[in-house]
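Let me begin by presenting the structure, written as structure tokens, before commenting on it.
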Amino acid sequence: MVIKSLVDDVEAVDVREVDQQGTTLIEIRVAPSDMGKIMGRQGRTVRALRSLAYAVSLKKKHLYLLEIME
């Protein structure tokens, strides 16, 4: 998984899918010390992850939303 390769504390990674009326919300939780690595400089990493979710949405014709939970 892409998220686990970005963080130091792999055991603290929690990814959940929540289905909501034709969309799937992907909730990602990481250790507080790894939050900056997921966000990236000026939000570039999280923006790239959301772009991946959007690309999958187009391919599967199903909306996927990515949210980083604290």
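The values are calculated or read from the model by the stated rules, or taken from the named source; none is laboratory data. The structure presented is a predicted model; accordingly, all values stated were derived computationally and were not measured. Note that each Cβ is placed from the backbone with ideal geometry, even for glycine, and that neighbours are counted across all protein chains shown. The area values use the complete protein model at the heavy-atom level, side chains included, leaving out ligands, DNA and RNA. Shrake-Rupley method; radii C 1.70, N 1.55, O 1.52, S 1.80 Å.
If you check Asp19 against the conditions, is it part of a strand (DSSP E or B) and of a type in the set (D, E, K, R)?
Against the criterion (part of a strand (DSSP E or B) and of a type in the set (D, E, K, R)), Asp19 qualifies.
When you look at Ser57, is it among the polar types (S, T, N, Q), more than 10 Å from the chain's Cα centre (by Cα), in a helix (DSSP H, G or I) and modelled with pLDDT under 95, yes or no?
Details: among the polar types (S, T, N, Q): yes; more than 10 Å from the chain's Cα centre (by Cα): yes; in a helix (DSSP H, G or I): yes; modelled with pLDDT under 95: no.
The answer is no for Ser57.
Here is a check on your reading of the model: is Arg50 in a helix (DSSP H, G or I), of a type in the set (D, E, K, R) and free of Cβ contacts under 8 Å to residues at least 12 places away in the same chain? Break it down into steps so the answer makes sense when it comes.
Numbers: in a helix (DSSP H, G or I): yes; of a type in the set (D, E, K, R): yes; free of Cβ contacts under 8 Å to residues at least 12 places away in the same chain: no.
When the stated conditions are applied, Arg50 does not pass them.
Name the residue that is most open to solvent (accessible area, probe 1.4 Å), counting only residues in the range 10-45 that are among the small types (Gly, Ala, Ser) and farther than 21 Å from Leu58 by Cα.
The residue in question is Ser33.
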